[in-house]
Amino acid sequence: MSKVIKIKKGLDIHLKGRAEKVLVDLGISANYAVKPTDFEGLTPKLMVKAGHEVKIGTPLFYDKYKPEILFTSPVSGTVSEINRGERRRILEVIIKADEKSEYEAFTKANPKDLQKDEIKENILKSGLWPAIRQRPYAIIANPSDTPISIFISGFDSAPLAPDYEFALNDDMNDFQTGVDALKKITDGNVNLILHQELNAGGLFKSIKNVEFHEFSGPHPASTIGVQINNIKALNKGEIVWYVNPIDVAKIGKLFNEGIFDSTKIIALTGSEVKMPQYFKITDGADLLSIVRDNVKSGDVRYISGNVLTGEKLEKTNFLSYYDYQLTIIPEGNQPEFLGWGTPGFGKFSMTRTFFSWLNPKKEMTLDSNLHGGERPFVVTGEFEKVFPMDIYPMQLLKAIIIEDIDLMEQLGIYEVAEEDFALCEVINTSKIEIQKLVRQGINVMIKEFS
Amino acid sequence: MKALRNYIDKIKPNFEKGGKLEKWQSVFDSFETFLYVLGDTAPKKGAHIRDAIDMKRVMSVVVIALVPALLFGMWNVGEFHFLSLGEDASFMEKFGHGFIRVIPLVLVSYIAGLGTEFVFVYIKGHEIEEGFLVSGLLIPLILPVDVPLWMVALATIFAVIFGKEVFGGTGMNIVNPALLTRAFLFFAYPSKMSGDTIWVSGLSGGEGVVDGFSGATPLASAAAGAMDKLPSTMDMFMGYLPGSIGETSVLAILIGAAILLFTGVGSWKIMLSVFAGGFAMALILNVFAADTNPYMALPAYQHLLLGGFAFGAVFMATDPVTGAQTETGKWIYGFLIGFIAIIVRVVNPAYPEGVMMAILLMNVFAPLIDHYVIQTNIKKRLKRAKA
């Protein structure tokens, strides 16, 4: 392994509610959903309607502009409802699960024996293709492309993120097969990025057919944009694909057993969870079936994902496709008298303007309060402290605001996605909706070149 | 506390859409957000936890950092007042005199400035922006104590409108509003802003001056070639000399700098490079010191202790909006401020002090500096794509 890449800029936020390394299999509950809204830029076309019987792996809808990309059912049962929103936009395809758990059959073979196109076809048919995303733009990869490399981050450095060494402990065989499959569909390497501390267990060290890279330092070490930028920065016109390690194992299982395994291990975390731990669930499970009564009373916020990039959901809603954790924190919706002027021994800040600097490693309970109103950009130099990429963050954001396409391109819009800016949004004195801006900028670029 | 919150919640609907005081909503919001950090929560998608820092907190820290200079300045005003009269006075008498001379300046600055800001709050429909919380205190500290109050009000209103609001308010201005106030007074009423009498309380009113007392600032003495009249280095550092209210005590300013640096609010790069640039230029002048201009021989380190240099380096140059916004740009920006300030002081016969000019000039050049820094990044990216 080559030398360690030290991430010096960033911030680890110490929160209460880390998941204990205890695993409970939740089996199958009543309802599951696949949400087209989880996929940026997707226009779904339905292949089923209410009453349709499905098996695990039966296609539910496809991408209008790339019909080979299928989105399949994670459970067997009956489609119970197609939930629509404004202008008949499809929000959820809800399936009532049955006891039978029947699987569709897909190609079972060693990827090393298959051609590139056969591998792609198998992944597409099974509905696992959406697990493969691309940079630029952080959208589902285009099957007709050939990327210059594939990235897999073997760790997640976000607050309270699951430990992949724990979650994938029994799945290394499938993970290796997944790697072998992915190696065939790129011209370059499959890069497996490990963290000095978070991967100290060494689970992934035995994996072959990959190029290892080791990182150390705080979050955002695990975001793909940061990893690519610190290894070999992305140029205009280049495409890199990336897959979450949990999904790599699923791809492996597809080839090893010929089925779409829709189960995954996730972490239930957060200060408002009574007993944070790991659960084996099936994709698209509803939040209540995971949480049940394991939550404290009071006004809380259910977040699919982590506190930096996740989505606030109602507890009747369903876990999102790309999320491997569920975080529950208190809602901070009470006003605080002269809150900006208190000594703030318990307040979280990257600056030392509150007396919480006296206790830096303390695990905190943080709520969702904004702590101030939105202002224009005033303070400078704060983003640079948590943005370990060779890009000027504030200047890129300003280029996005004025929709200057040339300037966005020159400043590196192809190299970033929302998650790279998440910490900037957390510490921003001016409370600007930065991640939303980044997605707007990306959408402008996609539209420009479509 | 509950009573206050209940009262606010009760009258709030009057200011919302459809309420009879709807036009005053932004004014109401400004007061509400001053009294309370609201219960607004993070949006549905994005970062759900936020740093407790906000603009009000940042401004509060800067105001706290200015307090040592303010307090010393008040005492110093009293000290020189009694010195000029040849009288003895106790510590409290000196401080008391300074207090009643300085507080009106602070009040006029805040009232004129915030009043103007609130007019714009009403017109624009935005909450009041916190920038003036700091500018309001900076303005009196860079003025001579004998400046007439009506001038301070006029200059402040001018600076808030033409230095800030016409550009879009806090975050959009090109030049430092506090310095613009000073510049307005300097060019509009030069006799009131320079000379040997305005720096000491009462002196310009012609109150009795004891023999041998001069109200001239050390820089004025140096510019006139009277190098023997300069105070000792210790006096320069502690601030026992006439000058603008907050600028004389380098010690008090450094305490403020320590607060700004420790909390992470002030940029160390700018502060350090301003001192470095000033020192470098002063050294160059020392090397080329000519008999025709004894000011050139003023030891380089003394330049850093005299006049508005330290105050400008710590509190004015570090304004994030008007300074360079890239980390590399800050080094260049700060260095040129220090460099040019000394050139103006020593080489230009008309101005014994050059810090204000240098900072205003570099405020205008800061975007250009940033532009070239960014261009370097852009070129690097393009070159990498071709490789």
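In table form, for the structure just shown:
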item: Enumeration of residues in the stretch A:388-408 that are under 25 Å from the mean Cα position of the chain (by Cα), outside any loop (DSSP other than H, G, I, E, B) and facing chain B (nearest Cβ under 9 Å); result: A:MET394
item: Candidate set from the stretch B:1-50 (those that are in a helix (DSSP H, G or I) and basic (Lys, Arg)); member that is nearest to B:GLY131 (Cα to Cα); result: B:LYS23
item: Conditions (1) more than 22 Å from B:ALA65 (Cα to Cα); (2) within 16 Å of the chain's Cα centre (by Cα); (3) small (Gly, Ala, Ser); number of the one not met by B:ALA350; result: (2)
item: Some residue of the stretch B:175-192 being touching a Pro at 6+ places or on another chain (Cβ under 7 Å), under 12 Å from B:PHE132 (Cα atoms) and in a helix (DSSP H, G or I); result: no
item: A:ASP261 among the acidic types (Asp, Glu) and closer than 30 Å to A:GLY27 by Cβ; result: yes
item: Hits in the stretch A:324-338 (condition: under 25 Å from the mean Cα position of the chain (by Cα) and within 12 Å of chain B (Cβ to nearest Cβ)); result: A:THR327, A:ILE328, A:ILE329, A:PRO330, A:GLU331, A:GLY332
item: A:LEU366 being more than 8 Å from chain B (Cβ to nearest Cβ) and surrounded by 23 or more Cβ atoms within 10 Å (Cβ to Cβ); result: no
item: Test: A:LYS64 is more than 24 Å from the chain's Cα centre (by Cα) and more than 13 Å from A:TYR321 (Cα to Cα); result: no
item: Any hit, the stretch B:172-194, residues being surrounded by fewer than 20 Cβ atoms within 10 Å (Cβ to Cβ), at pLDDT below 85, touching a helix residue (DSSP H, G or I) at 6+ places or on another chain (Cβ under 9 Å) and not aliphatic (A, V, I, L, M); result: yes
item: From the options A:GLN325, A:GLN395, residue that is closer than 27 Å to A:ILE5 by Cβ, polar (S, T, N, Q), modelled with pLDDT of 95 or more and in contact with a strand residue (DSSP E or B) (Cβ under 6 Å, 6 or more places away or on another chain); result: A:GLN325
item: Flag if A:LEU423 is buried (at least 23 other Cβ atoms within 10 Å of the Cβ), closer than 13 Å to A:THR223 by Cβ and touching a Leu at 6+ places or on another chain (Cβ under 7 Å); result: yes
item: Inter-residue pairs, beta-carbon under 7 Å, first within 14 Å of another protein chain (Cβ to nearest Cβ) and without any contact (Cβ under 8 Å) to a residue 24 or more places away in the chain and in the stretch B:239-265, second surrounded by fewer than 24 Cβ atoms within 10 Å (Cβ to Cβ) and in a helix (DSSP H, G or I), 6+ apart; result: B:LEU261/B:TRP268
item: Test for A:LYS264: is it within 19 Å of the chain's Cα centre (by Cα), farther than 23 Å from A:ILE13 by Cβ and not in a helix (DSSP H, G or I); result: yes
item: Residue list for the stretch A:172-219, filter: in a strand (DSSP E or B) and among the polar types (S, T, N, Q); result: A:ASN191, A:SER216
item: Residue ID - farthest from the other protein chains (Cβ to nearest Cβ), chosen from residues in the stretch B:351-372 that are farther than 16 Å from B:GLN325 by Cα and either surrounded by 21 or more Cβ atoms within 10 Å (Cβ to Cβ) or free of Cβ contacts under 8 Å to residues at least 12 places away in the same chain (or both); result: B:PRO352
item: Residue match in the stretch B:280-292 (condition: touching a Gly at 6+ places or on another chain (Cβ under 6 Å) and touching a residue at least 40 places away in the same chain (Cβ under 8 Å)); result: no
item: Failed item in (1) more than 14 Å from chain A (Cβ to nearest Cβ); (2) aliphatic (A, V, I, L, M); (3) surrounded by 22 or more Cβ atoms within 10 Å (Cβ to Cβ), with B:ALA324 passing the rest; result: (1)
item: Exclusive hit being modelled with pLDDT of 95 or more, among the β-branched types (Val, Ile, Thr), within 27 Å of B:GLU165 (Cα to Cα) and not in a loop (DSSP other than H, G, I, E, B), set B:ILE103, B:ILE123; result: B:ILE103
item: Residue match in the stretch B:309-318 (condition: at pLDDT 95 or above and assigned to a loop (DSSP other than H, G, I, E, B)); result: yes
item: When residues of the stretch A:409-450 are limited to those that are of a type in the set (Asp, Glu) and over 17 Å from A:GLU384 (Cβ atoms), the one nearest to the other protein chains (Cβ to nearest Cβ); result: A:GLU433
item: Hey, B:THR217 among the polar types (S, T, N, Q), under 29 Å from B:THR328 (Cβ atoms) and touching a residue at least 60 places away in the same chain (Cβ under 8 Å) or not; result: no
item: Evaluation of A:VAL379 against (1) facing chain B (nearest Cβ under 7 Å); (2) part of a helix (DSSP H, G or I) (one fails), failing number; result: (2)
item: Subset of the stretch A:305-315 [closer than 22 Å to A:GLU433 by Cβ and surrounded by fewer than 22 Cβ atoms within 10 Å (Cβ to Cβ)]; result: A:GLU311, A:LYS312, A:LEU313, A:GLU314
item: Unmet requirement for B:LEU336, which otherwise passes all of (1) outside any helix (DSSP H, G or I); (2) in contact (Cβ under 8 Å) with a residue 12 or more places away in the chain; (3) of a type in the set (A, V, I, L, M); (4) surrounded by fewer than 24 Cβ atoms within 10 Å (Cβ to Cβ); result: (1)
item: The stretch B:128-157 residues that are more than 21 Å from B:LYS192 (Cβ to Cβ), paired with ones that are of a type in the set (Ser, Thr, Tyr) and part of a loop (DSSP other than H, G, I, E, B) (beta carbon under 6 Å, 6 or more apart); result: B:GLU129/B:THR170; B:GLY131/B:THR170
item: Complete set of residues in the stretch A:339-353 that are at the interface with chain B (Cβ under 7 Å from one of its Cβ atoms) and in contact with a strand residue (DSSP E or B) (Cβ under 8 Å, 6 or more places away or on another chain); result: A:GLY339, A:TRP340, A:PHE348
item: Criterion (farther than 16 Å from B:VAL37 by Cβ, surrounded by 18 or more Cβ atoms within 10 Å (Cβ to Cβ) and free of Cβ contacts under 8 Å to residues at least 60 places away in the same chain) met by exactly one of A:PHE279, A:PHE318, A:PHE355, A:PHE377; result: A:PHE377
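One line per residue, one yes/no per condition, for (1) closer than 24 Å to B:SER244 by Cβ; (2) in contact with a strand residue (DSSP E or B) (Cβ under 6 Å, 6 or more places away or on another chain); (3) of a type outside the set (Val, Ile, Thr); (4) assigned to a loop (DSSP other than H, G, I, E, B):
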| site | (1), (2), (3), (4) |
| --- | --- |
| B:PRO349 | yes, no, yes, yes |
| B:PRO352 | yes, no, yes, yes |
| B:LEU361 | yes, no, yes, no |
| B:VAL364 | yes, no, no, no |
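The values are calculated or read from the model by the stated rules, or taken from the named source; none is laboratory data. Fair warning: this is a prediction, and the values are worked out from it, not measured in the lab. Virtual Cβ from ideal backbone geometry, glycine too; neighbours counted across all protein chains shown.
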